[in-house]
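Chemist: Handing you this structure, nothing more for now.
The values are calculated or read from the model by the stated rules, or taken from the named source; none is laboratory data. Here the structure is a predicted model, which is why all the values come from computation and not from measurement. When we count neighbours, we look across all protein chains shown, and the Cβ atoms used for this are built from the backbone with ideal geometry, even at glycine.
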Amino acid sequence: MTIELQTTTAKLPVADARSVRREVRRALHGQGGRLAAVVATMVVGAALGLVPPWALGRMVDVVIEDGDTARIWLSGAAMVGAALAFAGFTALGVVLSSRLFETVLARLRERMFTTSLSLPLERVEQAGSGDLVSRATDDVEEVSRAISTVVPALSTSLFTVVLTAVGLTALDWRFLAVLVVALPIYVLAVRWYLRKAPEIYAAERAAMGLRAQQVLGAVRGLRTVHAYDMSPKLAGRIGSHSWEVVRWTMRARIVQNRFYGRLNSGQFVVMAGLLVAGYLLVGADALTVGATTTAMLFFLRLFEPIDDLLLVIDELQSALASLARIVGVIETRDEQQDGESRASSLPEHGALEARGVTFGYVPGRHVVRGTDLAVAPGETVAVVGTSGAGKSTLAALLAGVRTPDEGRIDFGGVDLSQFPESARAQRVTLVTQEVHVFAGSLREDLALANPAADDAAMVAALRTVLADDWFELLPEGLDTVVGDAGHQLTPVQAQQLALARLVLADPPVVILDEATADAGSSGASLLEQAATAALAGRAAVIVAHRLGQVRHADRILLMENGTVVEQGTHDELIARGGRYCALWDAWSLHRH
């Protein structure tokens, strides 16, 4: 069966079975003692579960032989004691296995989350943030549910089946032969299921990812949705993706029902064989009635764990599909390992240079074309131009957020693309107009830029960016909770907070991409002063929306259609009377 799921995005990878096993072994590192305890507890519990059928068989023999009441009571006491011990060890095994595998899942979840935060922006955009969110929520929840239900049932049933088979063999090998004869029915059923189910579950999880992406996009653009009355269209689109999920879920249920029907056939054959074997062995005096009773009870006891083993395959397949998607994200980190090992060789200071940089979001349609730019340490370069000229794209390229199709971005004479994002961000920091206030205390928000910064450094950073007027009014100072769940900052205050993070991070090069564009005239003036203070002593590239912000820059570049058409100081460009001069005149006229 070929599974086709239409999508226009390049999804994040899904790990193969070997990679999943390798990552699970890595997550199990240091858990050998816990694993041994789980195995030992499960084995003892399964062995104790064999005692009641054996004791009951002994009681039958005693009744037939002489009816010794004392021996019957002794066997009964053994049954009760073994049952209680079996329950205790089984419960302990479930608790220990849950703790072990929840620890493994926590490690995998942390690695996935860490990797997700370090993924290049281009990778996330191509895959769609919904795919990433679905893996971090739906898939983690699916694996967590399997750990709390499937893994304990699977491990308990597995040990029970193995030890019961050993017990049957000890009684008489012909009892085991009945199970062996019926085994092909179960094997064929499982093989059929394993051939059909994995692709369906993988497609179901992928469809869930696409649905999450559509829902997330609609929620993020809620204002636009309301402004243009896009609700019916988006609802239809989300409904279509939801029905895609339903379609794959229904396919999974159909396969499950067919699988259960095959299991029921196997149960019928085993039960019939059980009755025939018991009748023949008792009739031939090959075993006592008590021993045969024990064997019958062993078989009946074996029935449930075998069914459990086969029935949880359904949930196990779904969980494994989710686990492969989680590990797929983790594996992307391996692609960055070489770069991380070279991070120490990236110079601390140096010139930022763009050499013949060309880039396009769509192949064949270039947004930036053959651009050269050099920013010396301490120099301020402004980039201006009309909307769509390629200014923000050039800023993203200089910051290493995007990778050029042609050419290269150097820092200190070294190609930035050869280093991980964490190393690039320490040298070249990008601040855009789209700032984010992280939920938590103001101290926690600032500490993201520099975890080693103390309170004095944080307060000094806020004062540097002229935020002390509102900071001093906060009810709990640095302990004030900000963000969605706390004190709401205005857009200007949020931008000042972003600039304060910049001061604490202390990079040698800063790129401001229209960082004051969303502020009003008074707010823009305040933010321009704050930005000037934050940029003191650093090299800076300023993508400006307001030309008044750039007139004092060391150099101004005018971009049109992805290329630099003019450059020089403000006075030089005005004296030439070219395109920048016309742009300045138009801006000045509009301002007045």
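Chemist: Are there any pairs, at least 6 apart or on different chains, whose C-beta atoms fall under 8 Å, with the first in region 452-471 and farther than 15 Å from ALA531 by Cβ and the second in a loop (DSSP other than H, G, I, E, B) and not acidic (Asp, Glu), and if so, which?
Modeler: ALA457/ASN450
Chemist: Are any residues in region 474-486 assigned to a helix (DSSP H, G or I) and under 23 Å from VAL431 (Cβ atoms), and if so, which ones?
Modeler: Hit for region 474-486 is LEU478, nothing else.
Chemist: Determine, yes or no, whether ALA189 is in contact with a Lys or Arg (Cβ under 7 Å, 6 or more places away or on another chain), small (Gly, Ala, Ser) and either part of a loop (DSSP other than H, G, I, E, B) or crowded, with 18+ Cβ neighbours inside 10 Å (or both).
Modeler: When the stated conditions are applied, ALA189 passes them.
Chemist: Right, ALA153: assigned to a helix (DSSP H, G or I), modelled with pLDDT of 85 or more and small (Gly, Ala, Ser) or not?
Modeler: It is false that ALA153 is assigned to a helix (DSSP H, G or I), modelled with pLDDT of 85 or more and small (Gly, Ala, Ser).
Chemist: Being out of contact with any strand residue (DSSP E or B) (no Cβ under 8 Å at 6 or more places or on another chain) and at pLDDT 90 or above narrows it down to one residue among VAL503, VAL509; which is it?
Modeler: VAL503
Chemist: Okay, next question. Only residues that are closer than 18 Å to ARG408 by Cβ, part of a loop (DSSP other than H, G, I, E, B) and modelled with pLDDT under 85: list them for region 343-382, please.
Modeler: LEU346, PRO347
Chemist: Could you list, in sequence order, the residues of region 11-21 that are assigned to a helix (DSSP H, G or I) and surrounded by 13 or more Cβ atoms within 10 Å (Cβ to Cβ)?
Modeler: Of everything in region 11-21, those that are assigned to a helix (DSSP H, G or I) and surrounded by 13 or more Cβ atoms within 10 Å (Cβ to Cβ) turn out to be SER19, VAL20.
Chemist: Which residue pairs have Cβ atoms closer than 8 Å, lie 6 or more positions apart in sequence or on different chains, and pair a first residue in region 564-578 that is assigned by TED's automatic domain parsing to the domain that holds GLY388 with a second residue that is exposed (fewer than 15 other Cβ atoms within 10 Å of the Cβ) and part of a strand (DSSP E or B)?
Modeler: VAL564/ASP372
Chemist: If you go through region 383-428 one residue at a time, how many are in a loop (DSSP other than H, G, I, E, B) and among the hydrophobic types (A, V, I, L, M, F, W, C)?
Modeler: So the answer is 4.
Chemist: Follow-up question, since we're still on this one. What are the residues in region 487-504 that are touching a Leu at 6+ places or on another chain (Cβ under 9 Å) and either outside any helix (DSSP H, G or I) or within 12 Å of SER441 (Cα to Cα) (or both), if any?
Modeler: Selection gives HIS487, LEU489.
Chemist: Could you run through region 452-473 and say how many residues are loosely packed, with under 15 Cβ neighbours inside 10 Å and either in a loop (DSSP other than H, G, I, E, B) or not assigned by TED's automatic domain parsing to the domain that holds LEU442 (or both)?
Modeler: The qualifying residues number 4.
Chemist: Hey, another quick one. What tally of residues in region 120-146 results from selecting those that are among the aliphatic types (A, V, I, L, M) and crowded, with 19+ Cβ neighbours inside 10 Å?
Modeler: The qualifying residues number 5.
Chemist: Looking only at region 384-402, count every residue that is out of contact with any strand residue (DSSP E or B) (no Cβ under 8 Å at 6 or more places or on another chain) and on the phi < 0 side of the Ramachandran plot and tell me the total.
Modeler: Of the residues in region 384-402, 1 are out of contact with any strand residue (DSSP E or B) (no Cβ under 8 Å at 6 or more places or on another chain) and on the phi < 0 side of the Ramachandran plot.
Chemist: Given SER392, SER318, SER322, which one is at pLDDT 85 or above and in the same structural domain as ARG26 (by TED's automatic domain parsing)?
Modeler: It is SER322.
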